[in-house]
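Derivation of every value follows stated rules applied to the coordinates shown; laboratory data play no part. These numbers come from a predicted model, not from an experiment. Ideal geometry is used to build each Cβ from the backbone, glycine not excepted, and the neighbour counts take in all protein chains shown.
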Amino acid sequence: MENINHPLLNWIPYKLVEKDNEIYFEWIYLADIKYAEPFFDETIAKCRSHAYNSKPFKVITTVENLLDWSAALLSVELKSLVFHVSRCGSTMLSQSLATSSENIMISEAPIIDEILRSDKFDRRKKASLLKAVITLLGQRRFPEQKNLIIKLDAWHIFNADYLRSIFSEIPFALLYRNPVEVLKSHQKLAGMHMVPNLLSFQVFGISEEEMNEISFHQYGALVLEKYFQGFLHFSETDQNVIKLNYNEGMKNVVEKFISFINVNYANKELDKMYERLEKHSKNENTVFKGDSFKEEELQVDFTEVNLLHEKLNNSFIEL
């Protein structure tokens with residue numbers, strides 16, 4: 001089965017739409033635009049100016065349409081799901097991998113999060129929808145494409161067991177970093193998951209009692225504790241997982257990841273990946289000179305999160 005000339009080629013579902021208590025999917029036309037930006041939403045923004053996407057009406061379909069249509073396109077093989085704790089090199093990893101013409105690199109697609117967090121579907125329906133959406137996002141649009149890699153949102157570590165039940169044979173990667181560096185990065189510009197109540201605290205497994213006792217400054221550390229606990233839990237119960245530690249160097253991270261997913265790239269592809277590591281993760285036109293953090297101490301108690309970080313460092317048996 002080939003995708004050439006198929007009417008769905010280059011069309012992808014990119015968000016959920018709720019109307020009259022029913023769920024629909026909105027689609028967008030990609031044209032020849034690749035997923036090359038640091039985040040999925042940035043690619044979508046580039047596509048909006050295309051004539052198909054500038055019309056006054058939107059392309060909206062039912063859940064059943066999406067499930068049926070996903071079987072009509074040839075998808076690139078899913079090679080890995082990447083979990084991360086945020087500000088730990090995940091964008092650099094995805095940008096490095098995106099330089100290879102053989103890869104389709106999906107970075108934090110909101111539609112995946114919307115399905116996972118929706119209360120409109122049961123677990124079985126969510127599984128079917130996730131498979132269908134990933135198939136459509138990973139459709140082979142260019143003949144050289146062979147590998148599909150998906151970087152999830154940081155809080156999706158709490159869905160790892162469920163995702164494993166869906167993708168039983170897919171390698172999962174866990175990318176993390178020294179917690180002080182993670183939180184200092186968020187001090188410069190906080191991600192929404194590190195600010196109380198921008199995302200429901202239940203998403204992170206935080207109890208009401210913990211919320212009542214936590215300070216604003218300590219909240220990010222608590223979220224990070226939950227991430228590390230999620231990493232530890234999953235690593236103790238799953239055999240097809242690898243840890244990737246930013247503090248061991250990003251070239252090491254990329255090399256270990258490529259070896260783990262068992263893909264053989266030509267030297268020219270590897271060279272492009274390693275060259276991308278020399279640039280800023282969110283701006284390939286800027287040379288990366290390392291992170292710079294404020295010298296003052298964070299108003300955070302790192303005792304528990306540092307213990308979890310140390311345990312995570314020591315909990316894996318390298319293959």
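In summary, the lysines within cross-link reach of LYS34, defined as a Cα separation below 21 angstrom excluding same-chain residues under 8 places away, comprise LYS15, LYS46, LYS79, LYS131, LYS146, LYS151, LYS268, LYS272, LYS279, LYS282. Stretching the chain fully between LEU198 and ASP41 yields a gain of 54.7 nm (0.36 nm per residue, less the alpha carbon separation).
For the chain, the antiparallel share of DSSP beta bridges with both residues in that region comes to about 45%. Remark: relative contact order (the chain) = 21 percent; criterion is Cα-Cα distance under 8 angstrom and separation of 6 or more residues.
For VAL17, the residues 5 or more places off, or on other chains, whose built amide H falls under 5 Å of its own are TYR24, PHE25, GLU26. Here the stretch 47-162 carries DSSP beta bridges of which approximately 10% are antiparallel, counting only pairs with both residues inside.
Rounded, prolate or oblate: pick one for the stretch 79-205, where a ≥ b ≥ c are the square roots of the eigenvalues of its C-alpha gyration tensor, a/c under 1.5 means rounded, and failing that, prolate if a/b is larger than b/c, else oblate. Oblate, since a/c reaches 1.5 and b/c is not below a/b. Comparing mean-square fluctuations of SER94, SER54, SER86 from a GNM of the chain with C-alpha springs under 10 Å, the top value falls on SER54. For the stretch 97-160 versus the stretch 190-246, the spacing of their alpha-carbon centroids is 22 Å.
Given R0 = 45 Å, the distance between the Cβ atoms of ALA51 and SER259 translates into a calculated FRET efficiency of 0.55. Taking other Cβ atoms within 10 Å as a rough exposure proxy, PHE83, PHE234 sort from fewest to most as PHE234, PHE83. The order of the peptides 209-220, 268-279 by mean Cβ neighbours within 10 Å, most packed first, is 268-279, 209-220. 3J(HN,Hα) along the stretch 179-192: x, 4, 5, 4, 6, 5, 5, 5, 5, 5, 7, 6, x, 5 Hz, from the Karplus curve 6.51 cos²θ - 1.76 cosθ + 1.60 with θ = phi - 60°, whole Hz, x for Gly and Pro.
Convex hull volume per residue, computed on the Cα atoms of the stretch 185-282, equals 135 Å³.
An oblate overall shape is assigned to the stretch 211-259, the ratio a/c of its alpha-carbon gyration tensor axes (a ≥ b ≥ c) being 1.5 or greater and a/b not exceeding b/c. For the pair GLU209 and LEU307, a Förster radius of 22 Å applied to the C-beta separation gives a FRET efficiency near 0.60, rounded to the nearest 0.05.
Cross-link partners of LYS256 among aspartates and glutamates, defined as those whose alpha carbon lies under 13 angstrom from its own and excluding same-chain residues fewer than eight positions apart: GLU248, GLU318. Among THR61, THR286, the ranking by other beta carbons within 10 Å of each residue's beta carbon, starting with the fewest, stands as THR286, THR61. Cβ crowding within 10 Å, taken as a proxy for footprinting-reagent exposure, orders LEU198, LEU9 from fewest neighbours to most as LEU198, LEU9.
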